[in-house]
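Student: The structure that follows is given in the form of structure tokens.
The values are calculated or read from the model by the stated rules, or taken from the named source; none is laboratory data. Computed from a predicted model, the values in this text were never measured in an experiment. Glycine gets a Cβ as well: all are built from the backbone with ideal geometry, and neighbour counts include every protein chain shown. Protein only, heavy atoms only, side chains kept; ligands, DNA and RNA dropped before computing areas. Shrake-Rupley method; radii C 1.70, N 1.55, O 1.52, S 1.80 Å.
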Amino acid sequence: MYVAAKVDENKCNGCKLCIWSCPDPNVIILHPNKKVSINQSRCKGCGLCVIACKREALSIDS
Amino acid sequence: MAIPQYRVLPGPEGYLPPAAAGMGVILPRKKDEALVEGAIVTREEAMEKAAEKLLSAKKPYIFPGPLVLWNWKEGVAEKAQAIIALAKAANAGIIPMPDYRPKYPMINPAVEINPNHPNLTIWHNKIDVCVFVGVHCHYANVALKIIRGGTDCYTIAFCAEMGHEDAMISFREMGLAEIKQLTDLITRKKGESR
Amino acid sequence: MITQKIVDPDYLFFQSERSKMFITGSEAVSEAIKRANVDMAIAYPITPQSESMHLVGDLYAEGYLKDYFRGENEFSVMSAVAGAAMGGVRVFTATGGPGTMRAFEMFPTWAGARLPVVCAFFTRGVNSPLTIQPDTIEMAYMLDTGIMIFHAENAQDLYDMLLKAFVIAEQPEVHIPVGVFADGFFVTHTRDEVSTAPADLKLPAYDPYSSPVPVMDMNNVPLRQMRDPFVMKSNFISYAAHASWQQEVAAAAQRARRYIDHYLGGLVESENPGADIMIVASGTAVSQGRAAIIAAAGEGIDVGLLKIKCLRPFPTEEIKALTRHCKAIIVPEFNRIGWLAREIKAVVEDNSKVVDGPRVFGGMTMPTEMILESIRRCSA
Amino acid sequence: MKSDLWQISPGFEEVMPAEYRELVDNGPFGKKLGVADMGTFKELLEEHPLCAGCGLALSLRLTLIALPNPEDTIIVGATGCSSLAFPQVSVHNIHSLFGNQNAVATGLKRALSLRFPGQVKDVVVIAGDGATCDIGLEAVVHSWFRGEKLATIMLDNEAYANTGGQESGMSRIGTVLNMAPQGKKFSKVNFPEIAKAAGCAYVAVAEPSRPKRLEQAVRRAILVAREIGPAYVQLFTPCPTNYKFKPSETLSLIKKREQEGVFQTMEYLSPEAEAYIKQIEEAKR
Amino acid sequence: MQAKTFIRMSGLGGQGVVTAAHILGSAAVRSGLLSTVNPFFGAEKRLAPAESYVRISSQTIHERGEVLFPDIIMIFHPHVITLGKSYTMPFFDGLQKQGKIIINAPEPLPLNESERAQLAALNARLYYISATRLALEIAGTELSSNIAMLGALIAVTDLVSQQALEEALAERFGGTKKFVASGTTAALDDVLKSKFTKLAQLMDKNIALIEQAKSSIQEHVI
């Protein structure tokens, strides 16, 4: 994707709000360390997760 | 005007080949019969031909379908083992058809085959002889016709029901014993040619 | 309910002792369904079909069927029938005329989805002004939906064809629907002698796992299975899949030929096949043709008959062979458009010898004399 | 379902593509997972072609996760945006036509009841607002009249989105959409009330910005449909593409509507449904 | 008996023309003959014109549908003629030579000159029977008019025996089996059965009615 979300691991606390807001399955993955990662090749870049995140841990990278 | 008997031969037959069943190719009535290139022969003859084709192929592949890939009922595990043994004997690769959905966004032709666009896999891997096994009849027929239209791959179908006119070699009621029989035949033939 | 024994279809059809019943076509439907081991039937009223599905409802009340209900319209009924068939049960319904039209979107869908549904169609006019009268025009629209089409001449045919349709439709390499058509009123409401197998025998149950497509029950593989997805998107590969799919449905009908030959005794049947003048007909028109042949013989005119029992798959070669020698082919029909004449003209070697008609429609009876008139003109 | 349906035949594990192995090793079958577990397991929905920011896709994703028994769930859908995602759903599902979904589901549910008496076989209808409220109205409402044991879930994006944004019965009055060039001239159909009047034992309106409530509505609907009677869930699933707002605003739009007082969630349970749900949820505790 | 006899029964909806045809056809089959029976194809309700057709033959019967050229015409209600409540007007068209006409009417109907001439030219025979009055008197219900008409028919033809007719009657109303010509006839069967306290009574009274009808039919010289 040309446009995809990325995570600032320092800000992420694993609250899952981003996961719940993503219309695509298994794109945002929660790891045992309570940090999420994004499968950039499948992210459609809608930005819903960016708005959902209360800690501004996500941003759209273009 | 007499039209000669339609033959089911490797393609590419063209943009939209006819269904062999619509061209007068008829599935055999008897259990010990099979189809080779549109003509009814004995199962033994067809086995000979299939063994020959597999052994002389540059890139033979077996395409197991959901009915054998998933261990969903009694007898499947044994059949799966027999298919793997056959692949080994024939020195054939295995590319699965795990289901029939049109895949989104793309198929990975190196690792799977899909009945809606089987040619991608055949072209990508330069497959010249293939065996369909454990594929529901409808999807096997859809795929076999597309292959005949667009590739020069020689198709062999193992069918647990009545068989497939659109395959170049079609076996009906192909069970565990018959798969093993073909494997034995291939092993024997390999030994002979050495 | 009588306790029924499952028997081989061949035994039920050909060996069991038959007895005669003086019944209407609607009652013949019920007698067939009673012996067909049907799991489920869904009904919606329309004249002249209603009586047959009332009687099937009575069979349910007696315990011969496991489920039965009235749907909300024909489109929904045919949809519910599709759902039931995808769920792996043997299912039956019936409709006719405007009901066929209302449900029409489902028929190509049944065929494409490889559903072995058996549906009886009791033909009636479909035009405005509204009519309930017999008219076979709806068959013209049904011919190319992909479903197999049998056309019953009388109640006996209706009984036989319905029972046999289940066996033919459910063959693994066939597995497409069968429409058993009968002319409304001329067959449904006419009481006639019908010879039937003993009521304590029935067909073997349907085995959904021999289907060429997965049954939608989450008890077989693959689990990731949609019936039937749009073969995604606009590109040559998708078109090829669609084209191949359509060809496969047509191929399935071709594979049915051997079973139609075996169970129905052929796609066609002939009487006095060497005659110079041949009547080629299906349905009630066959009966009228038979009467006309007798009348013509009385006048010293030799006439033969070709009865088409199965319209899809179409008996192209049979018709060619049986009409090659004759001078005139008369095609009596119970519709205005003459769809059967069109079909015949498309397959005979010299179509200038096909006589268009005679035809009646809008509910009219076709008098024997009308066919006799055509015969006289051809023999002059 | 038999537990071995999702087992790879011995010897074929290596050749199976990764997505299938993931489903076998880390899928939801037989595990009783829910939205709380999202992000940690392989979902039933595979990569799909719906638009960025699609409220319908998110709702479908959440609905599939909410299925109480995915291993014994068969879904019936209808033509529409969701039918583009359904080929990628790992349970048996049917697309027949546009608007006949509840009729197909009726036949399917009855057939499965005959073939698997006493076993759980949940038939869930998931269709858009056009399919449910407009073209399929007769089949939907009659399945409720008959008391068919189906859960009907409407993905309400307030338009025909798959065909390019036409007005539907569920569009709001005044909205300018294709085929309503002067704005829609009648009100959004009050479908939850219709569902109640038609005999649904459970009716809920939910939305994807509160996934746990959506999950609860879907679960309750399916459980009620299994034992009591028809159930209806309406999910508000805004469509950024046809309503021309930013894909990132799908969920905030729902909140905005709530603040304006033009959208609210609701839940209704018939007395029987209420008693049944209470019993189940207490047993769980 | 001639090889083929085609009968047209005309009456008004609810009079039992369809049932009469069924009983007659069954009686013919019981007598070892072949028969086909079909009703007029209409969504006809009470008192609208209704017809049914019976074909009886010793040989296979192929023809289907309306009987256009009847050997026997049975008219179950005078209104068929006097009010023209018939869809097969002009009424006697198609009647074959030496044809028979049986009319349910208390007294001869006023046929016009051309009708009389038409019937005379065919050498037709015309009979009257007051079937509804007899049905009310003997069976206690006008619903048995059709049985009286069948009694009259066997008095003037040798199509079927009285015994066969009685057996067919018993079969139609005797058992638990439902006979279905149309949804409405099935409902009327139940109404008829409700008029009699017992099946035996239904049979006895209708057999008496057949007897009485046989002796009451009168030929009218054209």
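Student: Output the qualifying pairs, or none if there are none: Cβ atoms under 8 angstrom, residues six or more apart or on different chains, first residue in the stretch D:24-38 and closer than 20 Å to D:Glu13 by Cβ, second residue charged (D, E, K, R) and not in a loop (DSSP other than H, G, I, E, B).
Tutor: D:Phe29/D:Glu71; D:Gly30/D:Glu71
Student: Could I ask something else about it? Determine if the stretch E:11-27 includes at least one residue that is surrounded by fewer than 18 Cβ atoms within 10 Å (Cβ to Cβ) and within 14 Å of another protein chain (Cβ to nearest Cβ).
Tutor: No: zero hits.
Student: In addition: I'd like the residue in the stretch C:50-73 that is of a type outside the set (Phe, Trp, Tyr), touching a residue at least 60 places away in the same chain (Cβ under 8 Å) and touching a helix residue (DSSP H, G or I) at 6+ places or on another chain (Cβ under 8 Å) and, out of all such residues, is farthest from the other protein chains (Cβ to nearest Cβ).
Tutor: So, considering only residues that are of a type outside the set (Phe, Trp, Tyr), touching a residue at least 60 places away in the same chain (Cβ under 8 Å) and touching a helix residue (DSSP H, G or I) at 6+ places or on another chain (Cβ under 8 Å), the one farthest from the other protein chains (Cβ to nearest Cβ) is C:Ser52.
Student: Kindly provide the set of residues from the stretch D:101-122 that are among the basic types (Lys, Arg) and part of a helix (DSSP H, G or I), ordered by number.
Tutor: D:Lys109, D:Arg110, D:Arg115, listed by residue number.
Student: Which residue pairs have Cβ atoms closer than 6 Å, lie 6 or more positions apart in sequence or on different chains, and pair a first residue in the stretch B:42-62 that is on the phi < 0 side of the Ramachandran plot with a second residue that is open to solvent by 70 Å² or more (accessible area, probe 1.4 Å)?
Tutor: Final answer for the pair search is B:Arg43/B:Asp32; B:Lys59/B:Lys126.
Student: Those residues that are part of a strand (DSSP E or B) and either touching an Asp or Glu at 6+ places or on another chain (Cβ under 6 Å) or touching a residue at least 40 places away in the same chain (Cβ under 8 Å) (or both), I need them from the stretch C:305-334; list them, please.
Tutor: Residues satisfying the conditions are C:Leu305, C:Lys307, C:Ile308, C:Cys310, C:Leu311, C:Arg312, C:Ala328, C:Ile329, C:Ile330, C:Val331, C:Pro332, C:Glu333.
Student: Ok, one more. Go through C:Pro172, C:Pro129, C:Pro198, C:Pro177 for me and flag whichever is surrounded by 24 or more Cβ atoms within 10 Å (Cβ to Cβ) and either on the phi > 0 side of the Ramachandran plot or of a type outside the set (Asp, Glu) (or both).
Tutor: So the residue among C:Pro172, C:Pro129, C:Pro198, C:Pro177 that is surrounded by 24 or more Cβ atoms within 10 Å (Cβ to Cβ) and either on the phi > 0 side of the Ramachandran plot or of a type outside the set (Asp, Glu) (or both) is C:Pro177.
Student: State all residues of the stretch D:162-220 that are modelled with pLDDT under 95 and aliphatic (A, V, I, L, M); if no residue qualifies, say none.
Tutor: Selection gives nothing.
Student: Continuing with this model, one more query. Kindly establish whether E:Thr185 is modelled with pLDDT under 85, under 30 Å from C:Gln49 (Cα atoms), part of a helix (DSSP H, G or I) and open to solvent by 10 Å² or more (accessible area, probe 1.4 Å).
Tutor: yes
Student: Right, another one. Might you check whether a residue that is of a type in the set (A, V, I, L, M, F, W, C) and open to solvent by less than 10 Å² (accessible area, probe 1.4 Å) occurs anywhere in the stretch B:51-58?
Tutor: So far as the stretch B:51-58 goes, yes, one or more of its residues are of a type in the set (A, V, I, L, M, F, W, C) and open to solvent by less than 10 Å² (accessible area, probe 1.4 Å).
Student: Restrict the check to the stretch E:39-50 and report whether at least one residue is buried (at least 24 other Cβ atoms within 10 Å of the Cβ), of a type outside the set (Val, Ile, Thr), in contact with a helix residue (DSSP H, G or I) (Cβ under 9 Å, 6 or more places away or on another chain) and closer than 16 Å to E:Leu143 by Cα.
Tutor: Yes, the stretch E:39-50 contains a residue that is buried (at least 24 other Cβ atoms within 10 Å of the Cβ), of a type outside the set (Val, Ile, Thr), in contact with a helix residue (DSSP H, G or I) (Cβ under 9 Å, 6 or more places away or on another chain) and closer than 16 Å to E:Leu143 by Cα.
Student: Let me ask something else. Could you check how many residues of the stretch C:24-49 are within 12 Å of chain E (Cβ to nearest Cβ), hydrophobic (A, V, I, L, M, F, W, C) and crowded, with 23+ Cβ neighbours inside 10 Å?
Tutor: Counting residues in the stretch C:24-49 that are within 12 Å of chain E (Cβ to nearest Cβ), hydrophobic (A, V, I, L, M, F, W, C) and crowded, with 23+ Cβ neighbours inside 10 Å gives 2.
Student: Now for a different question. Going through the stretch D:153-193 one residue at a time, which ones are in contact (Cβ under 8 Å) with a residue 24 or more places away in the chain and within 14 Å of another protein chain (Cβ to nearest Cβ)?
Tutor: Scanning the stretch D:153-193 gives D:Leu155, D:Asn157, D:Ala161, D:Asn162.
Student: Looking only at the stretch E:117-131, decide whether some residue is farther than 15 Å from E:Ala155 by Cα and among the β-branched types (Val, Ile, Thr).
Tutor: The answer is no; no qualifying residue exists.
Student: If you don't mind, another one. Please list, ordered by residue number, the strands (runs of 3 or more DSSP E) wholly in the stretch E:1-115 having 2 or more residues that are modelled with pLDDT under 90.
Tutor: Ranges flagged: E:49-57.
Student: So B:Val129 fits all but one of (1) touching a residue at least 40 places away in the same chain (Cβ under 8 Å); (2) closer than 28 Å to D:Asp4 by Cβ; (3) open to solvent by less than 10 Å² (accessible area, probe 1.4 Å); (4) more than 8 Å from every other protein chain (Cβ to nearest Cβ); what number is the exception?
Tutor: All conditions pass for B:Val129, except number (2).
Student: I'm told E:Ile154 meets every condition in (1) touching a helix residue (DSSP H, G or I) at 6+ places or on another chain (Cβ under 7 Å); (2) part of a helix (DSSP H, G or I); (3) over 23 Å from C:Ile23 (Cβ atoms); (4) modelled with pLDDT under 90 except one. Can you identify the failing condition by its number?
Tutor: Going through (1) touching a helix residue (DSSP H, G or I) at 6+ places or on another chain (Cβ under 7 Å); (2) part of a helix (DSSP H, G or I); (3) over 23 Å from C:Ile23 (Cβ atoms); (4) modelled with pLDDT under 90 one by one, E:Ile154 breaks only (4).
Student: Here is a further query. If we keep just the residues of the stretch D:174-232 that are aromatic (Phe, Trp, Tyr) and either out of contact with any helix residue (DSSP H, G or I) (no Cβ under 8 Å at 6 or more places or on another chain) or outside any helix (DSSP H, G or I) (or both), which is farthest from D:Met38 (Cα to Cα)?
Tutor: It comes out as D:Phe186.
Student: In the list C:Ala155, C:Ala113, C:Ala103, which residue meets the criterion of being in contact with a strand residue (DSSP E or B) (Cβ under 9 Å, 6 or more places away or on another chain) and within 14 Å of chain E (Cβ to nearest Cβ)?
Tutor: Going through C:Ala155, C:Ala113, C:Ala103 in turn, the sole match is C:Ala155.
Student: Which residue is farthest from E:Ala168 (Cα to Cα), if the candidates are limited to the stretch E:197-220 and must be in contact (Cβ under 8 Å) with a residue 60 or more places away in the chain and outside any helix (DSSP H, G or I)?
Tutor: That would be E:His220.
Student: Let me ask something else. Can you name the residue in the stretch D:96-148 that is within 10 Å of another protein chain (Cβ to nearest Cβ) and among the hydroxyl-bearing types (Ser, Thr, Tyr) and is also most open to solvent (accessible area, probe 1.4 Å) among such residues?
Tutor: D:Ser113
Student: Is at least one residue of the stretch C:105-124 within 17 Å of the chain's Cα centre (by Cα) and open to solvent by 20 Å² or more (accessible area, probe 1.4 Å)?
Tutor: yes
Student: So, one more: Taking the options B:His117, B:His136, name whichever one is within 9 Å of chain C (Cβ to nearest Cβ) and under 18 Å from C:Arg255 (Cβ atoms).
Tutor: Result: B:His136 is the single residue among B:His117, B:His136 that is within 9 Å of chain C (Cβ to nearest Cβ) and under 18 Å from C:Arg255 (Cβ atoms).
Student: Criterion first (closer than 20 Å to D:Asp37 by Cα and open to solvent by 40 Å² or more (accessible area, probe 1.4 Å)) does A:Asn10 satisfy it?
Tutor: It is false that A:Asn10 is closer than 20 Å to D:Asp37 by Cα and open to solvent by 40 Å² or more (accessible area, probe 1.4 Å).
Student: I'm trying to understand the selection: among the residues of the stretch C:209-242, which are more than 9 Å from chain B (Cβ to nearest Cβ) and in contact (Cβ under 8 Å) with a residue 60 or more places away in the chain?
Tutor: Residues satisfying the conditions are C:Val215, C:Met216, C:Asp217, C:Arg227, C:Asp228.
Student: What are the residues in the stretch B:14-48 that are under 19 Å from the mean Cα position of the chain (by Cα), away from chain C (no Cβ under 12 Å) and open to solvent by 30 Å² or more (accessible area, probe 1.4 Å), if any?
Tutor: The answer is B:Lys31, B:Asp32, B:Glu33, B:Ala39, B:Ile40, B:Thr42, B:Glu44, B:Glu45, B:Glu48.
Student: I've got another one for you. How many residues does the stretch C:288-324 hold that are over 18 Å from E:Gln59 (Cβ atoms), exposed (fewer than 14 other Cβ atoms within 10 Å of the Cβ) and touching a strand residue (DSSP E or B) at 6+ places or on another chain (Cβ under 9 Å)?
Tutor: Number satisfying all stated conditions: 0.
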